[in-house]
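The values are calculated or read from the model by the stated rules, or taken from the named source; none is laboratory data. It should be emphasised that the depicted structure is a prediction, and the values quoted were computed from it without experimental measurement. Virtual Cβ from ideal backbone geometry, glycine too; neighbours counted across all protein chains shown. Note: accessible area is taken over every heavy atom of the protein model, side chains too, but ligands, DNA and RNA are not part of it. Shrake-Rupley method; radii C 1.70, N 1.55, O 1.52, S 1.80 Å.
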Amino acid sequence: MASKSKKVFEIEDQTFGKLITVLSIDGGGVRGLIPAVILAFLESELQKLDGEDARIADYFDIIAGTETGSLTTAMLTAPKRNNNRPLFAAKDIKEFYIEHFPYIYSKRNNFLTRAARMVKCFLGQKYDGKYLHSLLKEKFGDTKLHETLTDVIIPSFDTVRRKLVLFSNHLQERNDDPSLDTSVVDACMGSLATPTYLPPHHFQTKDSNGEPLQLNLIGGVFANDPMSVAMVDVASKDPKQNLLLSSMRSEEDCERLVVLSLGTCTPKYDSKKAKVWDLEKRSVLNTVRRYLAKLTDYDWLSYYQDYWPEIGLQNNYLRIQDDSLSGVTSSLDVATKKNLEDVVKIGESLLKKPVSSIDLGRTYLPSSGAGANKEALIRLAAVLSKEKRHRNSATNKKSRYSIL
């Protein structure tokens, strides 16, 4: 059993072959480079153990991503057209974003374009999304969610039906709802459609009765930390249960869950100085996004520990996040060469920072004796590699994971 004295991802041998592995990737516009840097490091460690062909999708049962995280999720899990391997290696995602962010978020920054963007803040979105949609069509084509190489879950919100939409290959199978098994392009565009930045995404699919269904989607507000929606997918493996934790009966069940949650860092504003809302820099939306992500992290931590206080959460859950960004690096859409390079450096610096968790005051604090994030990721790579070997063995091989 787990012990509070253990470091993150120090897991007992008897659990191997039965772990449930979850990767959650936050949204954050250009700050999506931060998880890309961290995932490249993790994949490089997996390749040291299992060879150069090792990919993130080979090791996680569920990958959940929202906004830019949805695009990262798609790149990690969508198959190439000519074989059954991921379209992107994790190391290539950073360069992809550095190349294309300046066109997704227009790199022109003269007086006229800044004025036009301010007007669009009042009238609608700052960017038309045409380049982004064309880029996704080029990369993913007509790939559907059910074709992804592991379970994915991508949240969005339907503004007409006023409901959260969770695009997922597994939830589609369980609910027999074809509207949830849309194309990778439509799922990502719906999640990337951040209000005031990118336009809502409209497309037609079919409902469970085969009737036409019009979806009108926005993202970037709901489930900005997709950890909670990832748990919906895990919990749905047991159709009798609605909540993950209520369906996990014992410490042994709880120890089977291995989670890596990647944030995109958030700014720490001085409320005394923020006397007015600045639509360009300190919008209501960005503040809401920041607090929703933090509340998700806090609530997941407190709920888990309330149920099993004797189990140290740090043993099998790692949230890599920081809330001290300032200046241009805290923006969602400043895609200048310098800012993108600075955001990459933030991701690299997070690898060297100590493992942290959010306390009761909702502040991220270093965990005593837990080491650096990169050390925890190295241990995670060993756990994932061992789990994969156990699953592939003759006696433990299985087609899907289960909580039953």
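Is it the case, given these coordinates, that S168 is at pLDDT 85 or above, in contact with a Gly (Cβ under 7 Å, 6 or more places away or on another chain) and under 24 Å from D26 (Cβ atoms)? It would help to see each step written out before you state the result.
Values: at pLDDT 85 or above: yes; in contact with a Gly (Cβ under 7 Å, 6 or more places away or on another chain): no; under 24 Å from D26 (Cβ atoms): yes.
Taking the combined requirement at face value, the residue does not satisfy it.
Count, please, the residues in the range 129-173 that happen to be hydroxyl-bearing (S, T, Y) and in a strand (DSSP E or B). Lay out the reasoning, then the answer.
First pass over the range 129-173, keeping only residues hydroxyl-bearing (S, T, Y): 131, 134, 143, 148, 150, 156, 159, 168.
Now restrict to residues that are in a strand (DSSP E or B): 156, 168.
Counting residues in the range 129-173 that are hydroxyl-bearing (S, T, Y) and in a strand (DSSP E or B) gives 2.
List pairs: first residue in the range 353-375 and closer than 14 Å to S261 by Cα, second residue open to solvent by 50 Å² or more (accessible area, probe 1.4 Å) and modelled with pLDDT under 65 anywhere in the structure, Cβ distance under 9 angstrom, at least six positions apart or on different chains.
Final answer for the pair search is V355/Q314; S357/Q314.
If you check E45, E52, which single one turns out to be assigned to a loop (DSSP other than H, G, I, E, B), of a type in the set (D, E, K, R) and open to solvent by 10 Å² or more (accessible area, probe 1.4 Å)? Break it down stepwise before answering.
Values: E45 fails: assigned to a loop (DSSP other than H, G, I, E, B).
Checking each option against the conditions leaves just E52.
Looking at G32, G27 in this structure, which one is closer than 25 Å to L332 by Cβ and assigned to a loop (DSSP other than H, G, I, E, B)?
Working: G32 fails: assigned to a loop (DSSP other than H, G, I, E, B).
Only one candidate qualifies: G27.
Looking at T113, T21, T73, which one is assigned to a helix (DSSP H, G or I) and modelled with pLDDT under 95?
Details: T21 fails: assigned to a helix (DSSP H, G or I); T73 fails: modelled with pLDDT under 95.
Exactly one of T113, T21, T73 is assigned to a helix (DSSP H, G or I) and modelled with pLDDT under 95, namely T113.
Give all pairs with beta carbons closer than 9 Å in which a residue from the range 191-213 that is more than 19 Å from K130 (Cβ to Cβ) and among the hydrophobic types (A, V, I, L, M, F, W, C) meets a residue that is surrounded by 14 or more Cβ atoms within 10 Å (Cβ to Cβ) and modelled with pLDDT of 80 or more; count only pairs at least 6 apart in sequence or on separate chains.
L213/T205
Any residue at all in the range 306-313 that's modelled with pLDDT of 70 or more, in contact with a helix residue (DSSP H, G or I) (Cβ under 7 Å, 6 or more places away or on another chain), more than 29 Å from D92 (Cβ to Cβ) and not in a loop (DSSP other than H, G, I, E, B)?
Within the range 306-313, none of the residues are modelled with pLDDT of 70 or more, in contact with a helix residue (DSSP H, G or I) (Cβ under 7 Å, 6 or more places away or on another chain), more than 29 Å from D92 (Cβ to Cβ) and not in a loop (DSSP other than H, G, I, E, B).
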